[in-house]
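The values are calculated or read from the model by the stated rules, or taken from the named source; none is laboratory data. The structure presented is a predicted model; accordingly, all values stated were derived computationally and were not measured. We place every Cβ from the backbone using ideal geometry, glycine too, and count neighbours over all the protein chains shown. Only protein heavy atoms, including side chains, enter the accessible area calculation; ligands, DNA and RNA are left aside. Shrake-Rupley method; radii C 1.70, N 1.55, O 1.52, S 1.80 Å.
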Amino acid sequence: IERLLYTGLMVILSIALVRIFNQGIFYENTFKRLLTLPMAPRDPISAIQFLKKHRIEGNVFANDTLGGYLLWSSYPQLRPMVDGRQLDQRQFQRFLNAVRDPEHEFDRLAEEHQIKITLLDTSSLFYDRLLQYLNAHPDWQFVFIDGPMVIFLKRGAFVIPQKNNEFETTLREASIDGRDVDALKNLALAVKPNPW
């Protein structure tokens with residue numbers, strides 16, 4: 001029985017390792033192995049460089065993982081509301097409430113904490129409701145996207161280049177046809193899910 005269990009565990013481990021090494025992602029208009037990329041696709045460095053380049057500073061609404069990265073790379077210019085240390089459980093709970101129910105919680109929280117910057121990772125479905133809320137809210141402006149990282153800024157709070165001011169309008173006015181939708185569907189079908 002021990003040999004059978006050992007053999008079974010080795011087979012499962014081998015399959016998991018093969019899946020990890022072969023995990024693909026669509027990057028720079030082609031599929032590439034995730035392990036061969038120069039940086040992780042969910043790395044927020046380009047978003048943070050955008051904020052630094054345009055001298056956008058202040059309190060940031062971002063998840064705890066991004067909050068830790070902000071503390072490490074940009075404190076005190078960028079101050080996350082939460083980070084991975086979870087020093088204040090009540091504040092973290094308020095963060096979660098704002099993500100789950102932005103219509104009732106986000107504006108009050110943003111006002112209390114003087115949040116004028118949101119940095120979100122769109123690869124998690126958890127943030128979909130908040131993303132939809134910010135996108136539809138007239139006080140928030142969509143100014144940046146790179147991979148799964150998006151930035152919304154409070155309208156009028158910062159001086160940003162004209163092209164970024166027009167970014168949101170350009171996206172809203174863009175038209176897509178059936179071929180674009182088919183290409184996106186095929187792309188979604190071709191993406192290999194993360195085994196973990």
Cα centroid distance between region 111-154 and region 41-73, in Å?
13 Å
Give me the percent of accessible area attributable to carbon and sulfur for region 55-151, probe 1.4 angstrom.
48 percent
Residue list for region 124-148, given a label point 7 angstrom along the Cα-to-Cβ vector of residue 46 and an amide N cut-off under 15 Å:
143-148
Just how large is the dipole of region 85-159 about the Cα centre, in debye to the nearest 20, putting +1 at every Lys and Arg Cβ and -1 at every Asp and Glu Cβ?
140 debye
Let's test the formula: R0 of 22 Å, r as the Cβ-Cβ distance of residue 139 and residue 53. What FRET efficiency results, to the nearest 0.05?
0.40
Region 54-98 - accessible surface per residue (Å², probe 1.4 Å):
55 Å²
Quick one: if the Förster radius is 41 Å, what FRET efficiency do residue 128 and residue 4 give, using the C-beta to C-beta distance and rounding to 0.05?
0.40
